[in-house]
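Below you'll find the structure, written out as structure tokens, and then a few comments.
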Amino acid sequence: MKLFETSKQYSLKKSIYINLRWIGTIGQFISVYLVYFYFNFNFNFLYSNIIIAIGVISNLYLIFIYKKTQLSDRSALVYLFIDIIQLSGLLYLTGGIINPFVIFLIIPSVFASSNLSFRTNSLLVLITSISIIFLTFYSQELPEPLNDHFHVSPYYYYSIPLALIIALLFLNYFAIIFGAESKLRKDALNKMEEIMANEHEMLSLGGQAAAAAHSLGTPLSTIKIITQELSKQLKGQKDVVQDIELLSSQVERCNEILKKLSLNPNEEDDFIDEDLSMRDYLKEIILSFKETSKKDFILNLDQDFNSKRITKSIEIVYGLRNFIGNANKFCKSKVFISLKSNSDFTMVAIEDDGDGYPSDILSKIGEPYLRSTKAFNKEKKGLGLGLFIGKTLLEKNFASVNCSNSETRSGAEVVIKWNNKDLFNL
């Protein structure tokens, strides 16, 4: 699987969407209370507040319960559907199609048209159109005394929903077209930059590899000669001779690696270069950290774990390595990794014995460029990019990622969970 291949899934950034919903909810709140208390208009005030409360509750759910930083295409459809129905309910109580605020009914689908799939956009347009038609024929009167003075010809009355539906289709069509063109142009530019960066990197690596091969050739040859002499002198000592032969073979291997790199700097990394089970993924990643770290890595396996192999995914490898690397960086001495897997789901929990996440950034984890304002954390290096990269890559591969402070250890905890039907069909 190529890097970022699954990143083509449609999504909305959760933080931006939440802010827009708060703006809409506050606007509804001000409008209802201003009309009722200041202008003394008469309408169903209690039900209007209940409908506004639905929007508030769904937004709080997004903030505190929904942990992903991006809304998937399906999740976005559900919440935008709630927005359309909630606003339709308010309009139903306050005049229906002749309420001047009915124009806001087309905003959710237009907002989503350049970010979500064509199928989702079509469903949102259909739902909005049905709501407009319903409000044309069924609604309560405008708030009194407005309804005493509002009398229009049926031609004008029925032109309002017609104009709204035409505007809805027109705006969505152009937003989808321009959004698709912009996305294609962006993808092309990204691909061009990626190719140019790879070419530059290959040229740089080729020069460095050739220089390394030239510079290290003499000392490696010297080591090889010394090992041959020692092998002759200590011929009778089998244990020592075996160690010397091993040393000689490793010197030869270094020569071969340098030769390959100097001839072909595009040599691929063979780290996890095959389909493995999640258990083997974790073992390989832990082994790579043990080579350079003095920390203890404790791997706990569920007795009934699923040993089915996963199609090689660079994104999953990078994501897991980022979180395990973070735990290794900020722990005091131990990193605890647990794997639970059965026929339905696979879950990886990563804990450490460090200081945990600072409380002032805990709710923002998953956003890049985070810095704690607490004095004791100012010396800690890190801008949250590792968490951002790891969370984004894994969520794009259908994982749910929950970051918190561990209840059983002193440090941080990351719980990564897949439904097996998603994990094994990557």
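The values are calculated or read from the model by the stated rules, or taken from the named source; none is laboratory data. Keep in mind that what you see is a predicted model, and the values were worked out from it rather than measured. Because the Cβ atoms are built from the backbone with ideal geometry, glycine has one as well, and the counts that use them run over all protein chains shown.
One line per residue, one yes/no per condition, for (1) closer than 22 Å to LEU146 by Cα; (2) among the small types (Gly, Ala, Ser):
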site	(1), (2)
LEU12	no, no
ASN19	no, no
LYS67	no, no
GLN70	no, no
ASP73	no, no
ILE82	no, no
GLY96	yes, yes
ASN99	yes, no
Review point. Which residue pairs have Cβ atoms closer than 8 Å, lie 6 or more positions apart in sequence or on different chains, and pair a first residue in the stretch 170-186 that is at pLDDT 70 or above with a second residue that is of a type in the set (A, V, I, L, M, F, W, C) and surrounded by 11 or more Cβ atoms within 10 Å (Cβ to Cβ)?
Key: LEU171/ILE106; LEU171/VAL110; ASN172/VAL110; ASN172/VAL125; ALA175/VAL110; ILE176/PHE118
Exercise for review: Might you check whether a residue that is within 26 Å of ILE166 (Cβ to Cβ) and within 34 Å of the chain's Cα centre (by Cα) occurs anywhere in the stretch 26-48?
Suggested key: yes
Study note, to complete from the structure: From the option list LYS295, LYS329, single residue qualifying as closer than 17 Å to VAL414 by Cα, among the charged types (D, E, K, R) and modelled with pLDDT of 85 or more is LYS329
Review point. Does GLY319 fit the bill of being at pLDDT 80 or above, under 23 Å from LYS67 (Cα atoms), in contact with a Leu (Cβ under 9 Å, 6 or more places away or on another chain) and of a type in the set (Gly, Ala, Ser)?
Key: yes
Review point. Under the condition of being surrounded by fewer than 12 Cβ atoms within 10 Å (Cβ to Cβ) and under 19 Å from the mean Cα position of the chain (by Cα), which residue from the stretch 364-386 is modelled with the highest pLDDT?
Key: TYR369
Review point. Filtering the stretch 293-342 down to residues that are part of a loop (DSSP other than H, G, I, E, B), polar (S, T, N, Q) and within 21 Å of the chain's Cα centre (by Cα), which residue is nearest to ILE365 (Cα to Cα)?
Key: SER313
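Residue-wise test of (1) of a type in the set (Lys, Arg); (2) over 20 Å from TYR158 (Cβ atoms); (3) not in a helix (DSSP H, G or I).
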{"position": "ILE82", "(1), (2), (3)": "no, yes, no"}
{"position": "GLN86", "(1), (2), (3)": "no, yes, no"}
{"position": "ILE97", "(1), (2), (3)": "no, no, no"}
{"position": "ASN115", "(1), (2), (3)": "no, yes, yes"}
{"position": "THR128", "(1), (2), (3)": "no, no, no"}
{"position": "THR136", "(1), (2), (3)": "no, no, no"}
{"position": "LEU142", "(1), (2), (3)": "no, no, yes"}
Review point. Do any residues in the stretch 350-369 that are more than 21 Å from VAL335 (Cα to Cα) have Cβ atoms under 8 Å from those of residues that are among the hydrophobic types (A, V, I, L, M, F, W, C) and surrounded by fewer than 18 Cβ atoms within 10 Å (Cβ to Cβ), where the two are at least six apart or on different chains, and which pairs are they?
Key: SER363/ILE63; PRO368/LEU383; PRO368/LEU385; TYR369/LEU383; TYR369/LEU385
Point to revise | the stretch 147-169, residues that are modelled with pLDDT of 80 or more and either within 21 Å of LEU116 (Cα to Cα) or acidic (Asp, Glu) (or both) | key: ILE165, ILE166, ALA167, LEU168, LEU169
Review point. Within the stretch 403-416, which residues are in contact (Cβ under 8 Å) with a residue 24 or more places away in the chain and surrounded by fewer than 16 Cβ atoms within 10 Å (Cβ to Cβ)?
Key: SER404, THR408, SER410
